[in-house]
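Report on the following structure.
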Amino acid sequence: MEPYATHDYDVVVIGAGGAGLRAAIEARQAGLRTALVCKSLLGKAHTVMAEGGIAAALGNVWPEDNWRVHFRDTMRGGKLLNNWRMVQLFAQEAPERVLELEEWGAAFDRTPDGLILQRDFGGHRYARLAHVGDRTGLEMIRTLQFRAVHLGVDVFMEVTVQRLLTDAGRVAGAFGYRRGDGGFVLFRAPAVILATGGFGKVWKYTSMSWESTGDGVLLALEAGADLIDMEFVQFHPTGMVWPPSARGILVTEGVRGDGGVLRNREGRRFMFDYIPEFFRAETAETEEEADRWYTDKKHNRRPPELLPRDEVTRAIYYEVKAGRGSPHGGVYLDIASRRPAEYIKARLPSMYHQFKELAGVDITREPMEVYPTCHYAMGGVRVDADSAASTLPGLFAAGEIAGGLHGANRLGGNSLSDLLVFGRRAGLYAAQYVQALRNHPQVALDQVAEAARDLLRPFEGPGGENPYALQAELQETMQELVGIFRTGDELRQALDRIAVLGERLQRVRVEGGREFNPAWHLALDLRAMLRTAEAVTLAALERRESRGGHSRLDYPQADPEWGKVNVVVRLRNGRLELERVPLPPLPDELRAILEERG
């Protein structure tokens, strides 16, 4: 086979978003040789697009806030399907991780007395999101990458990893290619941390970046690791709908947290019609009470616009379906009539410029048109709560590619604190794993040769199929049949189409060389996209109920029996298999927290 570059490390982190950077920092601080491999450029990961803030019970704005309240909010937001131990660790450690970020140089917005300012978000009982305007993710990445480079983490940019290598059931390394010149790269390492983010590009309309093609899903499955909760995909309530070129771009929940309300074409605040019994006791019933809450949270209940995202998404869907939508098929998000222009520009500078530049809309003077957009994957690699270790020795996962923390639905702001808490844990426990090894796994050259052959296969196909056409058909299929609402018949149709697309992928033939060849890159990405789509659809077909980010029109209610199990997906003999796995039992002391009055 042709030559390839070889690099030796103790820990290789795949993905340079918040989780990957935090993991690399921890492994390097433990004294290990650490590599950070990213598909894009350093500093361009999807984390930079996170706007609202980092959820952590600092208690700066509301001293009543603490980890117990954050634990309760997160479990209820996830419809109690969360891994309770992950939520406990998350809620307890998030404040320390935010303060650590501040110590490393993050410039948070401040309260009048100099503390980190926190804002309101959906599903959080108190103002809890530490933020930097509406550019928090950008500041997080800036801070973490400076720290990682300063510590001496080696960075490999524009490298896509296509295969994890194993030795006797343990991770031995990773193999991929440089996007610039097409050269092959082998990383020999006994520990690999997946931090590849989500897989929203499998859908047509998404807030996720171009990198979110499910690479980590395929890498984990093919190496032998389990996935969990793949049926739960979050459609954020507020994405742009107009113009078409901007459709799906995120409109931060901070707009509603700062007083924005949702109206239908009749001008009515329709969210009062969609308050579920599960949240009724803590949600305002009138506009007057909801508006008073912004200035007097102790004596009033939260506005229904700040219900968890899955609830708001379904409400918008029903309003549009009932013919009460905006001209371009969305609803109105109005902050212009509720807050002064200068307040809006100061609190939501990115939103102001985003609508001004892309849609010609001045959000200080007129409402925004919004509709749900594919935003986040609650499911991913099945990990141990404490160590972030997958079911494959030597493989760890953190951030959006790891499942379990968010249950059936993620609360806004919990993703950024997830990256910090479990990124650190993945780096820490990967380092401990390597330091405890008595013998290191060896890379088998036949695996390297096989991986290299697979990378070149798109140049050798019989032809007649175009990777861009296959991508468009897959995205249409998932948008149409595996979207906000699903049925068994539609999910089976989706599986049939995905299978056909998989057969057609074998006939793709790309032209040109390996230097900067986007058609080749897409043909390789499609393997991950198709396998991810299949895993999501199979798990969605298996779960016969509606819960959180999984809504079935043929099973519209939550089923208590399904509330006791997770759906695990694994690859065996080339086929995906499913298993229902009981949730770990919740300790009595944590159950008592859930029963506290909200």
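The values are calculated or read from the model by the stated rules, or taken from the named source; none is laboratory data. These figures come from a predicted structure and were not determined experimentally. Every residue, glycine among them, receives a Cβ derived from its backbone with ideal geometry; neighbour counts consider all protein chains shown. What goes into the accessible areas is simple: the full protein's heavy atoms, side chains included, and nothing from ligands, DNA or RNA. Shrake-Rupley method; radii C 1.70, N 1.55, O 1.52, S 1.80 Å.
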- Of all GluC sites (Glu not before Pro) in the range 469-539, the ones in DSSP coil with at most 10 other Cβ atoms within 10 Å are 511
- Item | Where the range 117-203 is the region considered: accessible area per residue in Å², 1.4 Å probe | 27
- Message: Around residue 32, under 13 Å between beta carbons, what's the net of Lys plus Arg minus Asp minus Glu among the other residues?
- Response: -2
- State the percentage of accessible surface on the range 342-389 attributable to carbon and sulfur atoms; use a 1.4 Å probe and exclude ligands, DNA and RNA. 45
- With a 1.4 Å probe and every protein chain kept in, tell me what percent of the accessible surface of the range 1-90 is carbon plus sulfur. 52
- Once amide hydrogens are built 1.01 Å from N within the peptide plane, the residues lying 5 or more places from residue 167 or on another chain with amide H under 5 Å from its amide H are 172
- Item | Highest average packing first - 433-440, 24-31, 350-357, Cβ atoms within 10 Å | 24-31, 350-357, 433-440
- Item | Charge context of residue 430, other residues only, Cβ under 10 angstrom, K/R +1, D/E -1 | -1
- Message: Below 8 Å between Cα atoms, with a sequence gap of 6+, how large is the relative contact order for the range 294-441 in percent?
- Response: 19
- Item | Bins of 5 Å from zero: percent of alpha-carbon pairs in the range 436-489 | 4, 13, 11, 11, 11, 11, 11, 11, 9, 7, 0
- Express the relative contact order of the range 1-60 as a whole percentage, based on alpha carbon pairs under 8 Å and six or more residues apart in sequence. 34
- Message: Between 0 and 90 degrees, rounded to the nearest ten: what's the tilt of helix 18-29 against the longest Cα principal axis of the chain?
- Response: 60
- Accessible area in square angstrom per residue, the range 320-401, 1.4 angstrom probe: 36
- Query: Under Stokes-Einstein, with the Kirkwood radius over Cα pairs standing in for Rh, what whole-number D in µm²/s applies to the chain at 20 °C and 1.002 mPa s?
  - Reply: 89
- Query: Considering only the other residues whose Cβ falls under 9 Å of the Cβ of residue 215, what net charge follows from Lys and Arg at +1 and Asp and Glu at -1?
  - Reply: -1
- The relative contact order of the range 87-130, taking Cα pairs under 8 Å that sit 6 or more residues apart, comes to a percentage of 24
- Under a 1.4 Å probe, what is the accessible area of the range 423-521 per residue, stated in Å²? 51
- What GluC sites (Glu not before Pro) does the range 176-267 have in DSSP loop regions with at most 10 other beta carbons within 10 Å? 266
- Query: If you line up the long axis of helix 136-151 against the longest principal axis of the chain, both from Cα atoms, how many degrees apart are they, to the nearest 10?
  - Reply: 40
- For the range 453-534, restrict the atom set to alpha-carbon positions and state the Rg and Dmax in Å. 13.6, 43
- Could you list which residues have their amide H under 5 Å from that of residue 6, counting only those 5 or more apart in sequence or on another chain, with H placed in the peptide plane? 186
- Query: With axes computed from alpha carbons, what is the tilt in degrees of helix 445-456 against the longest principal axis of the chain, rounded to the nearest 10 within 0 to 90?
  - Reply: 60
- Query: Got a sec? Charge dipole of the chain, +1 on Cβ for Lys and Arg, -1 for Asp and Glu; which of 20, 526, 506 is way out at the positive end?
  - Reply: 506
- Quotient of Cα radius of gyration and Kirkwood radius for the range 186-302, i.e. Rg/Rh, equals 1.12
